[in-house]
Amino acid sequence: MSKKKLLLISPVSDYRKGFVRSEFTRYPPLAYGIIAALTPNDWEVEILDESFQDFEYKDADFVGLTAYTSSINKAYKIAEIYKSKGVPVVMGGVHVSMLPEEAINYCNSVVIGEVESCWADVLNDFNKGELKQFYNGERLSLDNIPSIDYSIFNPNYIMSSVQTTRGCPFNCEFCSVTSFNGGKYRMRPTENVLNEIEKIPQDKFFFIDDNIIGYSKASKEHARKIFQGMIDRGVKKYWWSQASLNFADDEELIELAYKSGCRLIFIGIEAETNAGLESTNKRLNKKFGPENYNRAFNKIRKAGIAVLGSFIFGLDTDQEEDLYNRRDYIKSFDVDCYQTGILTPLPGTHTFERMVKEGRMLKTNYPEDWEFYNVVDVTFQPAYMSVERLESIMREIWEDIYNKKNITKKFIQALKGTRDANAAGWSIATNISYHNMMNEKYVMEKMDLESIIGPYQKMFA
């Protein structure tokens, strides 16, 4: 008896394709790894990953799709192709969970929320020919999340990914994590995480957690056990992750992170002013104090870990001078690499709900306009300037902070600050990736890693 075929498709927006397909910015779609692990053996599971290849129709009995907001139209187009041929399609993920009534116009079923609790029901209903339109996933304990078989992913990924926790209690204004994963910080058993790390074929990976160390003594201890476990097991892999500023409060934890392979940590700074932090509900950062940011950065960098700071432009408190001040802060202070974007009101965030109520949303021809929700385009009416002025200033800022001179300066800063070639290498690769992302919207100078690290090549041998 032949197996039924489940085809899981990971679409990429035609815009930002170069950024998403960069070897430094693409990661295996872990959600599909979990679905594959939950699917019985009478199914053949295949992933069609647009990070490596453009979509081409493949025969399947059942199709699964998920996508970010900016690439959701690509997912809808693919779903319609299969649905028109009589192949049932199920969609999941953050965007469709926030807008299930939109998504159901393009597919047969929508999984709302996390998939683990309802995937068996989806498959059973498929087998009976009785798929429901909507399935509500519960937020389960992570004790029994299945281990991922990494062999299902494209072998050409140079960076893998692992998840140790879900959920965030802070509910920041611009973020949908709390809406999707809940406000409770849930942790996977450390042994399960360590066993999974050992299975990863790559020597580099990303802990995809929204905060690897969490917000409590228990969550810090969870991270500590993972770091120490990697050391004790002799895991020889480099990794990076996201953390809050309180990561800098525990020097022992920072040292363990470095010894376990951490070379880059992402910190959501968002703004360097109290007014900006209030507008984003970034409570932890405000409590920490913008005046203490640089001290935190240097404690982390001193341990050998580069700092990737995230900054938002176009906040409701931002006047023109605030945008330029944020640019100058990025250039002058000790962040080694930086993610910068325009405030984007995504579905499931308080920002989206508020701006809809205030009548400030501009790109509202949904679903077509979702492609503009990409942190590079302006999708709302700014509080203190015109759309055209915000776009003009941002182009000027991006051309400044992501030019070769500044990226080279930050690379040398990372080398001196971390005294670690791998940390500095990850830092410059990150900055070049963001440069290339902006290059997809604006024609900027061509740039590659070799053109900057050439004189330092021996350090990376």
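The values are calculated or read from the model by the stated rules, or taken from the named source; none is laboratory data. The structure displayed is predicted, hence computed values, not measured ones. We place every Cβ from the backbone using ideal geometry, glycine too, and count neighbours over all the protein chains shown.
Contact map, the range 410-434: first residue surrounded by 24 or more Cβ atoms within 10 Å (Cβ to Cβ), second residue among the acidic types (Asp, Glu) and part of a helix (DSSP H, G or I), Cβ cut-off under 9 Å, separation 6 or more or different chains; the map is empty.
In this entry, residue 68 passes the filter for residues that are under 26 Å from residue 372 (Cβ atoms), among the aromatic types (Phe, Trp, Tyr) and out of contact with any Pro (no Cβ under 8 Å at 6 or more places or on another chain).
Please verify whether the range 62-76 includes one or more residues that are of a type in the set (Phe, Trp, Tyr), in contact with a Lys or Arg (Cβ under 8 Å, 6 or more places away or on another chain) and crowded, with 22+ Cβ neighbours inside 10 Å. Yes, the range 62-76 has at least one match. Is there a residue being among the acidic types (Asp, Glu), within 19 Å of residue 301 (Cβ to Cβ) and at pLDDT 90 or above anywhere in the range 358-379? No: the range 358-379 contains no residue that is among the acidic types (Asp, Glu), within 19 Å of residue 301 (Cβ to Cβ) and at pLDDT 90 or above. For the range 124-140, a tally of residues being outside any loop (DSSP other than H, G, I, E, B), touching a residue at least 24 places away in the same chain (Cβ under 8 Å) and surrounded by fewer than 20 Cβ atoms within 10 Å (Cβ to Cβ) returns 3. Within the range 160-169, restricting attention to residues that are in a loop (DSSP other than H, G, I, E, B) and in contact with a Gly (Cβ under 8 Å, 6 or more places away or on another chain), the residue that is surrounded by the fewest Cβ atoms within 10 Å (Cβ to Cβ) is 169. Restricting attention to the range 141-159, and to residues there that are assigned to a helix (DSSP H, G or I) and either assigned by TED's automatic domain parsing to the domain that holds residue 181 or among the polar types (S, T, N, Q) (or both), which single residue is farthest from the chain's Cα centre (by Cα)? It comes out as 144. Among the residues of the range 219-245, those that are surrounded by fewer than 20 Cβ atoms within 10 Å (Cβ to Cβ), in a helix (DSSP H, G or I) and in contact (Cβ under 8 Å) with a residue 24 or more places away in the chain comprise 219, 220, 224, 225, 228, 229, 231. As a summary of the residue check, residue 287 satisfies the conditions (1) touching a Lys or Arg at 6+ places or on another chain (Cβ under 9 Å); (2) assigned to a helix (DSSP H, G or I) except for the one numbered (1). Scanning the range 292-330 for residues that are out of contact with any Phe, Trp or Tyr (no Cβ under 6 Å at 6 or more places or on another chain), under 30 Å from residue 259 (Cβ atoms) and not hydrophobic (A, V, I, L, M, F, W, C) yields 292, 293, 295, 298, 299, 301, 302, 310. Among all residues of the range 217-236, there is none that is within 18 Å of the chain's Cα centre (by Cα) and among the small types (Gly, Ala, Ser).
Within the span defined as the range 181-200, every residue fails to be out of contact with any strand residue (DSSP E or B) (no Cβ under 7 Å at 6 or more places or on another chain), free of Cβ contacts under 8 Å to residues at least 24 places away in the same chain, in a helix (DSSP H, G or I) and closer than 29 Å to residue 342 by Cβ.
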